[in-house]
Amino acid sequence: MSTPAVGAVIVTFEGRDRIDRCVDAVKASDYPRLDVVVVDNGSVDSSVDGLAERHPGIRIVRVTPNQGFSRGALAGHQAVVEAGAELVWFLNDDARPSPDALPLMVRALAKDPGLGAITPKIYEARGGTRLRGDGRVSFWSGLSHSFEESESGPTHYLNGVCLMIRSEALGAEPPFDPGFFLYWEDTDLGFRLRRRGWRLGIAEGGFVEHDGAATVPFRSLEWDRRFTASSIRFFRRHASAPWIPIGVSIAGRVIKRLAAGRWGNAKAVLRGAVEGWWAR
């Protein structure tokens, strides 16, 4: 497994200003067995027009209408696995991996057969924060926490900004649950992989630069709605007493929004709670 086939899946939604830079960074790794698939997830602008001409060799898969990140990622996953990918590399379109990130992740997976998935460290360009690439979840507060580079703690999940998965680790399961429209899908994946006996790892040396919240602005009405709905789906699946993290986290978000005078955001949180609770 010295040079396994890698399938890179980049999901984009109206990311014309981002996707070229992401593809350029991926191709800069100069990996000999790399299949790059860009999934246009229901964009209504000209996001991927001319992309294949500017980047010969990549493939474009179109999903319409936009059915959420997970379904877009699944379409790309199917395309690269059918082409023979042994390792599947998921990237956000606002991520730019360093040239050594890909080979370092491949090398780490080859060296440790117990690793099911791996990520490089993350540099959040907008806030100047350096992240370890992993995080933990509290089943009391209902909050997730991404570790900064200087922190330590048990790894519950890997950040989906730049994530490589060993195909055999998934078995018959999909990498992402299509019920997660946006957010928490990578957290759910981490818990499912660990439940199957796989470990999660961080590639030392490589990194990925991430713009963050490029598709949906942080704590916008859409963010509050989608994040809350997905969190409920996650805790109903993985928490032994889901009403505790669900109740505490929703109450906390609503109170904070109301205290800041953001009535629309408080309503968005409650709307997401209703949608998340009644979703299948």
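Throughout, read-outs are computed from the coordinates displayed, never taken from laboratory work. Keep in mind the model is a prediction, meaning the values are calculated, not measured. Positions of Cβ are backbone-derived with ideal geometry, glycine not excepted, and every protein chain shown enters the neighbour counts.
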Angle between the Cα long axis of helix 243-259 and the longest principal axis of the chain, 0 to 90 degrees, nearest 10?
80
17 Å Cα-Cα reach of Lys111 towards aspartates and glutamates, excluding residues that sit fewer than 8 places from it in its own chain
Glu86, Asp100, Glu168, Glu204
Å³ per residue enclosed by the Cα convex hull of region 221-278:
54
Can you tell me, using C-alpha contacts under 8 Å and at least 6 residues apart, the relative contact order of region 6-210 as a whole percent?
25
Which whole-angstrom value gives the distance between the alpha carbon centres of region 53-115 and region 240-280?
33
Suppose we keep just the DSSP beta bridges with both residues in the chain; what percent of those would be antiparallel, to 5?
40
Amide H within-cut-off set for Glu149, under 5 Å, with H built and near neighbours excluded:
Arg130, Leu131, Arg132
Relative to the longest principal axis of the chain, what angle (0 to 90°, nearest 10) does the C-alpha long axis of helix 69-82 take?
20
Charges at C-beta only: +1 for Lys and Arg, -1 for Asp and Glu. How large is the resulting dipole of the chain about its Cα centre, in Debye rounded to 20?
1120
If I build a Gaussian network model for the chain, linking alpha-carbon pairs within less than 10 angstrom, which residue out of Leu258, Leu163, Leu189 has the largest mean-square fluctuation?
Leu258
Residues with amide H under 5 Å from that of Ile202, placed H, sequence gap 5 or more:
Thr119
Once the dipole of the chain is set up with Lys and Arg at +1 and Asp and Glu at -1 on Cβ about the Cα centre, which of Ser47, Gly114, Ala279 lies farthest towards its positive end?
Ala279
What angle, in degrees between 0 and 90 and rounded to the nearest 10, separates the Cα long axis of helix 185-195 from the longest principal axis of the Cα atoms of the chain?
80
